[in-house]
Amino acid sequence: MEIKYEIRYSERKTIGITVERDRSVVVCAPFGTRPDIIGKLIEKKRVWLNKKINGINKFPEKKSYKEFVSGESLIYLGSIYKLKVVSDDFDGVKFDNCFSISIHNRNKANMLLKEFYQSGAKEILVPRIKRFAENLGVKHSKILITDSKYRWGSCTPKGNITFNWRIIKAPVNVIDYIIVHELAHLLESNHTATFWNIVSVQLPQYKKAKEWLKENGGVLDAEF
């Protein structure tokens, strides 16, 4: 069976293959890499790729949607909080051991909650990114918090770091793992033993966070 893949060229030094959460295959390769070399590598990784592409999808295709009524649960920083729809008239979202929205804004609750989470992601992630970057001795360029559909985080050879705002739903140790994982790629492009050693120095318990993300990624990915 033919394996279809997208090639993305950049200034990186090595070839990397990723199976995205939508099961698409992306090959990141240095400028000038011959297509036949990439094709041979794909063939060499065929068994692994087929396993990834055809395996059980831990991110459900069908998403459950909130009705935005009092008593519904929302996850934030790894904890579950209840939603309250109140009669008070106010803008935005209030958060104090629970989430509150005005009944007058219930029809736009999804948008308001998304704005709250995105704002929280910037407030919480950016200082942690800077701290870990300093610990690792790496320099990054832009820090972007985006609405990515298929990645929790990514980095470019130019040092731009991008994170999915949805990771703010995860426990702090998982957030730190995602941050360190991407920053470590500025030192080591591939998931080599050296790469994981870099991660483990910063986060000795990173395997627990990695396992949590593997088991609960669908929870982060779900709509409100």
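The values are calculated or read from the model by the stated rules, or taken from the named source; none is laboratory data. Quick caveat, the model's predicted, so the values are computed rather than measured. When we count neighbours, we look across all protein chains shown, and the Cβ atoms used for this are built from the backbone with ideal geometry, even at glycine.
Structural remarks
- Restricting Ile179, Ile167 to residues that are surrounded by 14 or more Cβ atoms within 10 Å (Cβ to Cβ), under 21 Å from Asp22 (Cβ atoms) and in contact with a helix residue (DSSP H, G or I) (Cβ under 6 Å, 6 or more places away or on another chain) narrows the list to Ile167.
- Filtering the range 11-27 to residues that are under 22 Å from Leu187 (Cα atoms) and loosely packed, with under 13 Cβ neighbours inside 10 Å leaves Glu11, Lys13, Thr14.
- Residue ID - farthest from Ile145 (Cα to Cα), chosen from residues in the range 73-129 that are β-branched (Val, Ile, Thr) and within 21 Å of the chain's Cα centre (by Cα): Ile80
- Consider the range 1-34 and keep the residues that are in a loop (DSSP other than H, G, I, E, B) and hydrophobic (A, V, I, L, M, F, W, C). The one that is modelled with the lowest pLDDT is Met1.
- Flag if Ser189 is among the small types (Gly, Ala, Ser), under 19 Å from Leu77 (Cα atoms) and not in a helix (DSSP H, G or I): no
- Search result, residues across the range 182-200 that are without any contact (Cβ under 8 Å) to a residue 40 or more places away in the chain and within 16 Å of Ile145 (Cα to Cα): Glu182
- In the range 54-66, the count of residues that are touching a helix residue (DSSP H, G or I) at 6+ places or on another chain (Cβ under 8 Å), in a helix (DSSP H, G or I), more than 23 Å from His185 (Cβ to Cβ) and among the polar types (S, T, N, Q) is zero.
- Residue match in the range 200-214 (condition: of a type in the set (S, T, N, Q), buried (at least 17 other Cβ atoms within 10 Å of the Cβ) and either under 21 Å from Phe116 (Cβ atoms) or at pLDDT 95 or above (or both)): yes
- Looking at Lys149, Lys84, just one residue is loosely packed, with under 12 Cβ neighbours inside 10 Å and outside any helix (DSSP H, G or I), and that residue is Lys149.
- Scan the range 113-146 for residues that are part of a loop (DSSP other than H, G, I, E, B), farther than 17 Å from Ile198 by Cα and without any contact (Cβ under 8 Å) to a residue 12 or more places away in the chain and the total you get is 0.
- Contacts under 7 angstrom Cβ, first residue in the range 28-48 being within 21 Å of Thr156 (Cα to Cα) and touching a residue at least 12 places away in the same chain (Cβ under 8 Å), partner of a type in the set (Lys, Arg) and surrounded by 16 or more Cβ atoms within 10 Å (Cβ to Cβ), 6 or more apart: Cys28/Arg12; Pro30/Arg12
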